[in-house]
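For reference, the structure discussed in these notes is given below.
The values are calculated or read from the model by the stated rules, or taken from the named source; none is laboratory data. Everything numeric here is computed off the predicted structure, so don't read it as measured data. Neighbour counts are summed over all protein chains in view; Cβ atoms, including those assigned to glycine, are modelled from backbone coordinates with ideal geometry.
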Amino acid sequence: MWEELERWEAAVGLVRFSGGGGNQGSIAAVTLEDSKKCELARWSGGEGELPEALAAPIWGRYALFRGHPRISGLLMWDVQERQAVIAGERGGQKFEELVSAPRQLYRPAVTPVAVITADTSRRSAARAPRGTSRGAGAGDASLCERCGAPLPEGCARRRATAPSAAVRPPRVRG
């Protein structure tokens, strides 16, 4: 979407809409403007691929407007900020909603994983000195619990480490 708006040299894409309160939703106009607020293009609803794509969040958010109070507003695609915002009036109340925020990388670059050539069987792991690894990712909270890949901080699929293992003293065999 953003690349197409840039191809048009548009600073914003504006979608004027209304519906609800017993009326079916409609797109009044889709307009592209440059940074000087000069109109580059204008379409009525349903006149092409780009205007339909720009209006899609309206239909995704409100469907056919059935069961909604009267809503009228403007969906603004801000090319420089890479975000889309819906603002207007819903049931007599002003509102503003962020529809599309700038995308950020959700994971860091791939980190090489060390290849373990030592014996990683249960028997050898039990004899491993305290503080050494027992194999690739064993109990490592920074790895995906499903596939073992490195995860960013705060990811919900982080492996849970057993806190009791960190607190428990080593067993002494005599």
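In the set Gly131, Gly92, Gly46, which member is within 20 Å of Phe17 (Cβ to Cβ) and modelled with pLDDT under 85?
Answer to the selection: Gly46.
Checking the condition touching a residue at least 12 places away in the same chain (Cβ under 8 Å), in a strand (DSSP E or B), among the aromatic types (Phe, Trp, Tyr) and surrounded by 11 or more Cβ atoms within 10 Å (Cβ to Cβ), which residue from Phe65, Phe95 passes?
Phe95
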